[in-house]
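Here is the structure we will look at, set down as structure tokens.
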Amino acid sequence: MSTVRSEVLSPASSPGVEEKLESGMTHRQVLEAMSGLLLGMFVAILSSTVVTTALPRIIGDLGGTQSSYTWVVTSTLLALTVSTPIWGKLADLFDRKLLIQIGLSVYVIGSILAGLSQSTTWLIACRVIQGLGVGGLTALVQIVLSDLVSPRERGRYMGYLGAVFGLGTVAGPLLGGFITDGLGWRWCFYVGVPFAVVALIVLQRTLHLPRVRREVHIDYLGAFLIATGVSALLIWVSLAGQQYDWISWQTAALVGAGVLACGAAVAQERRAPEPLVPLRLFSERTVVLSVIASVSVGIAMFGTTVFLSQYMQIARGQSPTVSGLLTIPMVTGLFVSSTVIGRVITRTGLYKRWMLLGAALLTIGLALMGTMDETTSLVDVGAFMLITGAGVGMVMQNLVLVVQNTIAQRDIGAGSALVAFFRSLGGAVGVSALGALLTAHASSTIVSGLAEQGIDPSRLGGSSHQVPDVGSLPAPIAHIVEHAYGTGIAEMFLVAAPLGLVTFIALLFMQEKPLGSESGIERTLEESP
């Protein structure tokens, strides 16, 4: 039985000063309540993206391999994937504002520890801590937004979330480039700390929510089985073909363990009283199609964009600072499309046509980026990134909106976390699988290119799997490495392009349901005895 304390959420401004939304709050009140959420999201995104331009330098300094580069990203996504449903469940039991502050604090602690890394193993472990924190922000921000405004109004404010995502993604690579070239890459992990302190203070002062409590059970066994199964399969994909053959006893052991753990996880979710991934939600056609689209978007977005810095710095020989500047077109597309389309959806109540357009742009953008190599005009590369970013901006946030508009209020936490769960799961799979593809392509191309020139591969200063410092290589060898990474990263985009088509097909079969006019708080009060 739920008990709701509704005396909170006192108006921040006098009634009648501003026209109220359907939820009963004014636009100003919603923005004030969201200010800490937006700042918290900005900190998490900034702390992630500020590292992207520095990552080639970090891996080079720590002596890591291409597999290490992949796992620095994958470890965060994996921790985010597993922790997101847990945070969603905790939101039904504890104060949501406190949970957001805890998640932000965990992320900052992970960032500080990452800045002290002395090895790639240490860095990967710290990135896991970061992922646990950002899992809380990913789940809880969407849940709190659903509390504040109705689905019809939510598109507008999800556009703001998308705008903050774009701003953090723009500022991160630029700031990361300047910091890496100036202060050194370790400061990339520290730069978000002052912003985090401000976010914690603003959250405390501006966010006031009714406290909803009910008896819930955290499915720890399900979390363990999901983490075990996904981790085993990702480790297999990352290392197969490098550390061991695709057909080997290691492959059999990892794949077997992964499949068994995933099968046991499904069985556990069926019988758990409060499953991490509620299988009953899959009875809704819209939820199933949204999950399919989320997986595809996650693979296409995370599995390709994280390697753009490698393309700019290794294939094009750019500095971290310039590399950050060159990613602006993708983020501009995401920023503009998420903001504009969010407002259009709020005004019209229609979302399917815009999401279909986004999926089409995502597919076209990825296919165009699949034609790149180390000689492609940077103007053309910028145009390709702009198209891809616009597609992501139209689809990503609105998938959460679609699910929230479909399911019951009691499932908002689980449903919102479900979309984020499968998006980040797809991202982890995409980064791991496409990273393995890049490693195999780059190493084989480098070895064959050196052999054609009669050059000993040992002149790279390490194995062909290590991320090379192109600037320190002789011109003939540098050209071979640039070609290997230029064509290898383009091959990744080409492989990911059909996933945009999968997203389009899933959205095409989705039934458009009118957006509701009640906020989560109102629905909770109605459902409470």
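The values are calculated or read from the model by the stated rules, or taken from the named source; none is laboratory data. Since the model is a prediction, treat every value here as computed from it, not as a measurement. Please note: Cβ atoms are built from the backbone with ideal geometry, for glycine as well, and neighbour counts cover all protein chains shown.
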Review point. How do the pairs read when you match residues in the stretch 172-197 that are closer than 23 Å to G40 by Cβ with residues anywhere that are of a type in the set (F, W, Y) and not in a helix (DSSP H, G or I), using Cβ under 9 Å and keeping only pairs 6 or more apart or on different chains?
Key: G176/W185; I179/W185
Exercise for review: Among the candidates I124, I112, I58, single out the residue that is of a type outside the set (G, A, S) and under 30 Å from D219 (Cβ atoms).
Suggested key: I124
Revision key, fill the gap. The one condition W87 fails out of (1) in contact (Cβ under 8 Å) with a residue 40 or more places away in the chain; (2) surrounded by fewer than 22 Cβ atoms within 10 Å (Cβ to Cβ); (3) farther than 22 Å from G172 by Cα is (2)
Check your understanding: Within the stretch 507-524, can one find any residue that is modelled with pLDDT under 85, hydrophobic (A, V, I, L, M, F, W, C), assigned by TED's automatic domain parsing to the domain that holds M369 and not in a strand (DSSP E or B)?
Key -> yes
Exercise for review: Give the residues of the stretch 364-383 that are within 24 Å of N398 (Cα to Cα) and buried (at least 24 other Cβ atoms within 10 Å of the Cβ), sorted by residue number.
Suggested key: G365, L366
**Study point:** Looking only at the stretch 256-273, and only at residues there that are under 25 Å from the mean Cα position of the chain (by Cα) and either of a type in the set (A, V, I, L, M) or not in a helix (DSSP H, G or I) (or both), the one that is surrounded by the fewest Cβ atoms within 10 Å (Cβ to Cβ)
**Key:** V259
Point to revise | Among the residues listed as S83, S105, S119, S68, the single one being in contact with a Ser or Thr (Cβ under 6 Å, 6 or more places away or on another chain) and polar (S, T, N, Q) | key: S68
Review point. Looking at (1) modelled with pLDDT under 75; (2) in the same structural domain as S424 (by TED's automatic domain parsing); (3) more than 28 Å from I328 (Cα to Cα), which is the only condition I102 fails?
Key: (1)
Check your understanding: Which of the residues that make up the stretch 433-471 are among the polar types (S, T, N, Q) and modelled with pLDDT of 75 or more?
Key -> T439, S443, S444, T445, S448, Q453
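Results for (1) among the aliphatic types (A, V, I, L, M); (2) modelled with pLDDT under 80; (3) in a helix (DSSP H, G or I), shown as yes or no for each residue.
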{"residue": "S117", "(1), (2), (3)": "no, no, no"}
{"residue": "I124", "(1), (2), (3)": "yes, no, yes"}
{"residue": "L132", "(1), (2), (3)": "yes, no, yes"}
{"residue": "T138", "(1), (2), (3)": "no, yes, yes"}
{"residue": "L145", "(1), (2), (3)": "yes, yes, yes"}
{"residue": "Y157", "(1), (2), (3)": "no, yes, yes"}
{"residue": "A163", "(1), (2), (3)": "yes, yes, yes"}
{"residue": "P173", "(1), (2), (3)": "no, yes, yes"}
{"residue": "G176", "(1), (2), (3)": "no, yes, yes"}
**Study point:** Candidate set: the stretch 307-351, residues that are over 26 Å from Y69 (Cβ atoms) and of a type in the set (A, V, I, L, M, F, W, C); chosen: the one surrounded by the fewest Cβ atoms within 10 Å (Cβ to Cβ)
**Key:** L350
